[in-house]
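Remarks on the structure that follows.
Read-outs: derived from the displayed coordinates by stated rules, not from any lab. Just so it is clear, the model here is predicted, and its values are computed rather than measured. Cβ coordinates were reconstructed from backbone atoms using ideal geometry, including for glycine residues, and neighbour counts include every protein chain displayed.
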Amino acid sequence: MLSMARSCAVVGLEGAIIEVEVDLANGLSAFTIVGLPDAAVNEAKDRVRAAIKNSNCTFPFKRITVNLAPADLRKEGPVYDLPIAIGILLASEQINNNELIHASLFLGELSLDGSVRHTNGVLPMVALARERHVKTVFVPAIDAMEATLVEGIEVYPVETLRQLIDHLNGVALIQQYVCDPTLLDHDSELYAGQEMAAVRGQEHVKRALEVAASGGHNILMSGPPGSGKTLLARALPSILPRMLIEEALDVTKIYSVSGMLSTDVPLVRQRPFRAPHHTISHAGLVGGGRIPRPGEISLSHRGVLFLDELPEFGQNVLEVMRQPLEDKIVTISRAQGSITYPANFMLVAAMNPCPCGYYGDPVRECSCSATAIARYQKRISGPLLDRIDIHVEVPRVDYEKLADKRQVEPSAVIRQRVQKARERQQQRLKATALNCNSEMGPAEVRNFCSVDAGGEKLLKAAMQQLHLSARAFHRVLKLARTIADLADCDIIAANHVAEAIQYRPKVRN
């Protein structure tokens with residue numbers, strides 16, 4: 001007898017409907033799974049057999065053939081355990097609700113005792129179910145809250161295979177999971193990490209970070225060891241604007257596929273902050289592997305990627321960020337096909353000016369030769385530096401500032417200004433698919449970056465004296481637009497342009 005149940009695969013961040021066809025035939029007892037299964041899918045044979053027996057059902061001793069269609073798509077992971085078990089029980093007439101099974105989606109890994117375990121990628125799978133007009137999904141109970149982030153879907157939490165069998169046979173119905181109405185209400189969520197008030201002094205660096213947070217600009221901090229670069233970078237998320245619900249769902253989808261989503265709070269409410277070590281590999285940063293997975297730049301989507309000790313990263317590792325910094329996506333190509341992940345992140349980098357760290361320091365003398373300093377600084381290429389909007393020096397902090405007892409401006413106050421500036425940008429860009437100034441292209445810069453006469457004169461002088469590239473010219477304009485937004489100005493003035501220009505690198509362009 002033939003039966004069919006539906007499940008889902010995740011390709012990149014998108015789902016693909018998988019039809020699990022089960023055929024029972026007479027002959028020697030055998031259990032075969034076809035349709036490009038990986039090792040985890042093939043091992044489902046033993047899990048499904050034990051789960052059916054331990055759920056007080058009869059495992060049919062026949063020739064069982066399971067086909068995962070479409071057959072040209074690679075199937076990976078244990079998510080197909082539950083639909084395979086349902087297909088076998090339906091084909092052996094131990095379940096009789098054929099109509100409901102055909103109209104539903106089944107997701108979940110089975111334990112040997114029949115309990116249903118967590119599976120990765122529930123959010124994009126359920127999102128695909130809504131697109132394909134599937135109204136009902138059966139998911140592991142632990143993943144039910146995540147599944148309800150997709151509106152318009154009936155979600156049924158399944159704890160055991162026996163519970164699902166009784167539901168399908170009408171013996172004991174599973175209650176539909178109701179979404180917590182406050183789950184998507186995260187406007188009041190504040191960053192629980194480092195506080196900007198913990199940083200004494202460095203007011204000009206705090207200003208640069210405020211500008212970067214307002215427009216989503218990349219920033220590079222350079223200074224001697226112990227000047228506060230890492231502390232400032234870790235305090236940056238505390239002043240970032242709150243995420244829109246669309247942004248939160250995009251980030252949650254990435255973390256769901258990566259298996260990094262908390263089951264207690266299945267919605268990522270805070271902007272990500274990722275700080276990989278400089279020994280990270282190429283695939284670890286941009287994504288990849290035999291089975292492509294999101295890298296750190298995708299895990300930083302809508303948040304911050306912090307690269308401490310920037311010159312210590314491998315040159316090849318750094319250069320692969322050029323394209324994602326421009327296009328806000330990363331495409332991983334393999335023999336089986338290409339996968340595209342979002343990578344719209346703020347790059348925050350910190351570095352010492354030389355190998356010993358004290359080049360230009362007024363207190364400690366640098367022990368590096370001119371050749372060593374030049375070689376160290378050339379580890380970061382000019383094209384990569386050109387993609388960083390803000391370059392700021394972080395000098396040594398004086399004792400008077402460290403010992404000052406006066407109140408320092410807290411992150412909450414700075415965040416209010418940043419939020420107001422970001423809302424101005426969203427209002428201006430509402431007719432486009434953009435969210436902030438750093439995402440603007442040449443057409444948007446031409447339309448939205450109006451400069452007064454004084455600003456035009458200053459820009460022309462800067463182009464001639466600093467030999468700015470076309471990319472640098474547009475980045476200066478976008479940065480000046482953000483500074484004007486912080487000042488609540490519609491027109492970019494000369495002082496806004498002047499501040500944007502002074503954030504350009506002093507040595508190289």
Can you work out ³J(HN,Hα) from phi for every residue in region 11-21, in order, using Karplus 6.51 cos²θ - 1.76 cosθ + 1.60 and θ = phi - 60°, giving whole Hz and x for Gly and Pro?
-> 10, x, 10, 10, x, 9, 5, 10, 8, 9, 9
Residue 328 neighbourhood, Cβ < 11 Å, K/R = +1, D/E = -1, net charge -2
Karplus 3J(HN,Hα) series, Hz, for region 228-233 with 6.51 cos²θ - 1.76 cosθ + 1.60 (x for Gly, Pro) = x, 4, 5, 4, 5, 5
State to the nearest 20 debye the size of the charge dipole of the chain about its Cα centre, where the only charges are +1 on K and R beta carbons and -1 on D and E beta carbons.
-> 1460
Kindly provide the helix-only [θ] at 222 nm of the chain, computed as the sum of -39,500 (n - 2.57) over DSSP H runs of four or more divided by all residues, to the nearest 500 deg cm²/dmol?
-> -10000 deg cm²/dmol
In degrees, nearest ten, helix 122-131 long axis to first principal axis of the chain (Cα) = 80
When we measure straight from the Cα of residue 457, which lysines land under 18 angstrom away, once same-chain ones fewer than 8 places off are left out?
-> 478
Cα centre as origin, Lys/Arg/Asp/Glu Cβ charges: region 2-168 dipole, Debye | 400
Once Lys and Arg get +1 and Asp and Glu get -1 on their Cβ, which of 252, 295, 237 lies farthest toward the positive end of the dipole of region 233-315?
-> 252
Using the Karplus equation 6.51 cos²θ - 1.76 cosθ + 1.60 (θ = phi - 60°), what ³J(HN,Hα) coupling, rounded to whole Hz, does each residue of region 483-497 give in order, writing x for Gly and Pro?
-> 4, 5, 5, 5, 8, 6, 10, 7, 10, 6, 9, 4, 5, 5, 5
Let me have the relative contact order for region 319-459, percent, based on Cα pairs under 8 Å that are six or more residues apart.
-> 13
If each K or R counts +1 and each D or E counts -1, the residues other than residue 13 whose Cβ falls under 12 Å of its Cβ total 0
If contacts are Cα pairs under 8 angstrom and at least 6 residues apart, what is the relative contact order of region 2-168 in percent?
-> 25
Of 402, 463, 449, whose Cα points farthest to the positive end of the dipole of region 366-472 (charges on the beta-carbon: +1 Lys, Arg; -1 Asp, Glu; origin at the Cα centre)?
-> 449
Label-point gap, in nm, between residue 132 and residue 32 - each point 7 angstrom along Cα→Cβ | 2.5
For the chain, find the longest principal axis of its Cα atoms and tell me its angle to the long axis of helix 245-257, 0 to 90°, nearest 10.
-> 60
So which of 53/135; 401/506; 206/401; 378/401; 229/460; 62/135 end up more than 24 Å apart by C-alpha?
-> 53/135; 401/506; 378/401; 229/460; 62/135
Can you tell me the dipole magnitude for region 440-509 around its Cα centre, using point charges on the Cβ only (Lys, Arg +1; Asp, Glu -1), in Debye to the nearest 20?
-> 500
With contacts defined as alpha carbon pairs under 8 Å and 6 or more residues apart, what's the relative contact order of the chain in percent?
-> 12
Compute the Cα gyration tensor for region 2-168, then decide on rounded, prolate or oblate, letting a ≥ b ≥ c be the square roots of its eigenvalues: rounded whenever a/c is under 1.5, prolate when a/b is larger than b/c in the other cases, and oblate in all that remain.
-> prolate
Among 342, 39, 354, the residue whose Cα sits farthest towards the positive end of the charge dipole of the chain, when +1 is placed on the Cβ of each Lys and Arg and -1 on the Cβ of each Asp and Glu, is 354
How far is helix 203-215 tilted off the main Cα axis of the chain, in degrees rounded to 10, range 0 to 90?
-> 40
